[in-house]
Structure formats: structure tokens, C-alpha cells
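First up is the structure itself, then whatever we jot down about it.
The values are calculated or read from the model by the stated rules, or taken from the named source; none is laboratory data. Please read all numbers here as calculations on a predicted model, not as lab measurements. Counting neighbours? That spans all protein chains shown, and the Cβs are built from the backbone with ideal geometry, glycine included. When the accessible area is computed, the model is the full protein with side chains, heavy atoms only, and any ligands, DNA or RNA have been set aside. Shrake-Rupley method; radii C 1.70, N 1.55, O 1.52, S 1.80 Å.
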Amino acid sequence: MFNGSIVALVTPFKGDQVDEAAYKKLIEWQIKEGTNGIVPCGTTGESPTLSEKEHAQVVEICVQAVAKRIPVIAGAGSNSTREAINMTKHAAKVGADAVLVVTPYYNKPTNKGIYLHYKAVSESADIPIILYNIAGRTARNIEPELMAKLASDFKNIVGVKEASGSLEQMLRIKEMCPKDFILTSGDDALTLPILAIGGVGVISVAANIVPRDVVAVINAFNKGDLKKAQEINLKLMPLVRSLFIETNPIPVKKACELMGLCDGTLRLPMCDMEESNLAKLKQALKTYGLIK
């Protein structure tokens, strides 16, 4: 169920408010383009700067607009276990299909603390939980041994968005975790290699602007057409690199604006791109044929 190209959707703003109309329009376009799932309120959706009320609002808009056509995996992570529990309960209550729960960040819990955090979240609601492992942002890595214990002890912990950048670690996850434990790429540049070692897809930034092509890579691989998957993947790579020349989601939101998908307004501390990087992004979009 939680496989293929799952977009970590941007959150459009109008002035200082969430732009509900623009958000619904993005959702409809994603579904039309063949996207397999949507994550509202992830990092790309600027979750750190959404208020608690706005976070709930965005999840509810997404669930209602999607209307069970594809899975909705609501962002529900926090470095406060109590807050993560509240967001998880809310997602379950309003009908999300799963939650994405990032490793507690900044306060750097021990392995025992990470285990107890996910235990508490798991026991708080009857909803599938996908771990989000990204030590580059959280300062704590979920080791494969700990991941395997979580997956074994709590049946609603069903998978991981793995953004460690280490294929060796991902292989160990495949070795140690239950056979049905979902391994999903958290890095657009590693989607194809992760598929090759048993991953099932990607929670993607690039799918915000090229959803059809991200889907195409995965579909080609799943059909056994590795050559086609490699060709599309190679075409994607320069564009993917341009989306990370500054901190995500700054470039992808600017790309959405340049393509006319939504306003590119960011919330501080996210800010407008440096002119030199903006020129590189524009060139990548032009080369790909997304803007003139």
C-alpha cells in the first residue's frame, strides 16, 4: 500500500495563511499525474513553521481532498513525544492512512529514549507508522538493530523512510527487519539503488514538479525494464541536484512558483534563494523542459 512515488508535498501560503485552494489544486494535479501517495506536513511541507492548528488543518485538507484515492501519510514527528502522540492521534481520527514520524531531533535521545518514544507513539493510536530516519537533520541515527526491535515489538511500525545515505545500512535493515517491513527512499538521488536492494519506492521532493517521471522510474524497474529506469533516472539527476543546491524546501518551492503550480512564499527561517543559485535552478528547469 505504501509504495511507489509518494510526494512530500509543499504547503502553499497566501500572505500569512495556508492557501487551501492552491493546496487542493496541487493534490488534484498529483493524483492526475499518477502519484502513488501524499505526505502532508513533512519537511518539504515546512512542518517546523506550521502552528499546531495549521498542521491539523493541512492534514485534514489533504485527507478530505484525496478522498481515499491514494494513501495519505501524515507527518506526525516531533522532538516532544507528547506532541508526536497528539499529531498521530489526530491523523488517525481524521482518516489518514499512516503517519510519518521523524526521529526526535535536537534533544539527541539515547537508543533507549528513541525506543520509548516510538513505543509511546505506537501505542497511542491504531494507525500504521513509518519511521523517518534522517540523522543529517536530527543528529541521531536509528541503528538497524534498534529498527528491527521496533518493527518486531510494535506491529503498526510498518516501515522506514530511510535518508541516512548509506546503502550498507539499508542492506542491514533488509537483513534484520521483518520481511514485510517497508524500505522507502528518503533521497531522490538514491531511489533506483534502493529499489535494487529491495526498497519499494520513494518519499520524494522531485515529485512536486515531475511526478510522472518519478513514477516512471519505479514502474519501469518493477516491470523489469532496467534500461528504461536507468535512462529516466539519469535524465532526472541534474534536476534533482538543482533541488538541493540550498536547503530543502527552498529550491523546490521556487520551482513550483516558476512552473506556475503555486506561490513560492516561504516562512522564516527559510528564505529566498541566492541569485546565483536561482540562476542554476532556472537553467535546470529549462534544460528539463519545465519552463521556457
- Query: Within the range 238-252, can you find the residues that are open to solvent by 70 Å² or more (accessible area, probe 1.4 Å) and either in a helix (DSSP H, G or I) or more than 19 Å from residue 283 (Cα to Cα) (or both)?
  - Reply: 241
- Task: Evaluate the following for residue 234: is it surrounded by fewer than 20 Cβ atoms within 10 Å (Cβ to Cβ) and either within 20 Å of the chain's Cα centre (by Cα) or under 23 Å from residue 279 (Cα atoms) (or both)?
- Result: yes
- What do you reckon, is residue 58 in contact (Cβ under 8 Å) with a residue 12 or more places away in the chain, within 19 Å of residue 208 (Cβ to Cβ) and hydrophobic (A, V, I, L, M, F, W, C)? yes
- For the range 144-237, please list each of the helices (runs of 4 or more DSSP H) lying entirely inside it that holds at least 1 residues being without any contact (Cβ under 8 Å) to a residue 24 or more places away in the chain and not aliphatic (A, V, I, L, M). 167-176, 211-222
- Task: Mind telling me which of the residues 279, 255 ends up being touching a helix residue (DSSP H, G or I) at 6+ places or on another chain (Cβ under 8 Å) and either assigned to a helix (DSSP H, G or I) or open to solvent by less than 20 Å² (accessible area, probe 1.4 Å) (or both)?
- Result: 255
